[in-house]
1. Among the candidates ASP178, ASP213, ASP266, single out the residue that is acidic (Asp, Glu) and in contact with a Ser or Thr (Cβ under 9 Å, 6 or more places away or on another chain).
2. I'd like to verify a number: residues in the stretch 90-129 that are without any contact (Cβ under 8 Å) to a residue 60 or more places away in the chain, assigned to a helix (DSSP H, G or I) and farther than 16 Å from THR55 by Cβ, how many?
3. Return the residues of the stretch 134-162 that are of a type in the set (Asp, Glu) and modelled with pLDDT of 95 or more; say none if nothing qualifies.
4. Take the residues in the stretch 121-134 that are at positive phi and buried (at least 21 other Cβ atoms within 10 Å of the Cβ); name whichever of them is nearest to the chain's Cα centre (by Cα).
5. Going by the structure shown, is ALA143 in contact with a helix residue (DSSP H, G or I) (Cβ under 7 Å, 6 or more places away or on another chain), touching a residue at least 60 places away in the same chain (Cβ under 8 Å) and either crowded, with 23+ Cβ neighbours inside 10 Å or of a type in the set (Gly, Ala, Ser) (or both)?
6. Would you confirm whether or not the stretch 198-218 contains a residue that is closer than 19 Å to ASN122 by Cα and aliphatic (A, V, I, L, M)?
7. Given (1) of a type in the set (A, V, I, L, M); (2) crowded, with 20+ Cβ neighbours inside 10 Å; (3) not in a strand (DSSP E or B), identify the lone condition not met by ALA203.
8. Have a look at ALA86, ALA68, ALA54 and point out the one that is in contact (Cβ under 8 Å) with a residue 60 or more places away in the chain, among the small types (Gly, Ala, Ser) and in contact with a helix residue (DSSP H, G or I) (Cβ under 6 Å, 6 or more places away or on another chain).
Amino acid sequence: MTTVNLPRGRKLHLDTPIIMGILNVTPDSFSDGGSYYQTDSAVIQAQTLLNDGATIIDIGGESTRPGAPDVTLEEELNRVIPAINAIRAHSEPTVSDCIISIDTSKSEVMRQALHAGADIINDVRALQEPDALSVAAEFADVAICLMHMQGQPRTMQSNPQYNDLFADINHFFKQRIDACKTAGIKPQQLILDPGFGFGKSLAHNYELLKRFDEFNHLGLPVLAGLSRKSMIGNLLNRNTDERLAGSLAGALIAAQNGAKIIRVHDVKETADVLAVWQACEQGLSNE
């Protein structure tokens, strides 16, 4: 059984793939910017994502799309903390007790989000920013997703190059796992994300998807996040609102290759795809 401990004595069970629903409280996300910028709208969307089949709500207050402007600490806090507080204060236990992930690289955002009730740190910079490691180590049983990225979000897609794509990413993961251990973070709290679209060419992205199972040897759950990304749009020549079919295909391939968490915008459709696949894999009772 693959289980990750969470704060307040809860557990994240990952025997079968689960869905992380994306909730961007930003005005400029590449895919849904501005849609859930107000707190009330964010809570309504969180409830919808949960009803549609999400296990985790991933709240982000700063866009990491290529070329996106930097967001100040104060602005990011003003976006994400009210959303977390509002979800935790919701009258329905299915909403107030949900698993919340904070998508940030800033240590102070991590700290305040965890105090507000977040359960998971989802960091595209893998706890490499100042004080991020020490903040993560302060909180018992917080789960941490370490993502691989070559370069920085503003310039990462200019000309990504690797000596060996998989060897380089695996080396990075091992370094960050060791850094977490040194900081006092238990390895069983870690989740890995190879970072589709973060310093990868189109060919790199599809090689990662094809050989996604090669990250399983590290013995940690692996997350796949390719929903609506340019690897779908550039391959199919589709705008962001036309990438559902490609995103579903990618989610299924990742799940078949061992992804334990699928990070998506389109939760209901992804849940349907996974349910059909799991019915074939596990069988259905005739009783």
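The values are calculated or read from the model by the stated rules, or taken from the named source; none is laboratory data. Keep in mind that this is a model prediction, so the values were computed, not measured. Please note: Cβ atoms are built from the backbone with ideal geometry, for glycine as well, and neighbour counts cover all protein chains shown.
1. Every option except ASP266 fails the conditions.
2. Adding up the residues that qualify gives 9.
3. Scanning the stretch 134-162 gives a single hit, GLU138.
4. Residue satisfying both the conditions and the ranking: ALA126.
5. The answer is yes for ALA143.
6. Yes.
7. (2)
8. ALA54
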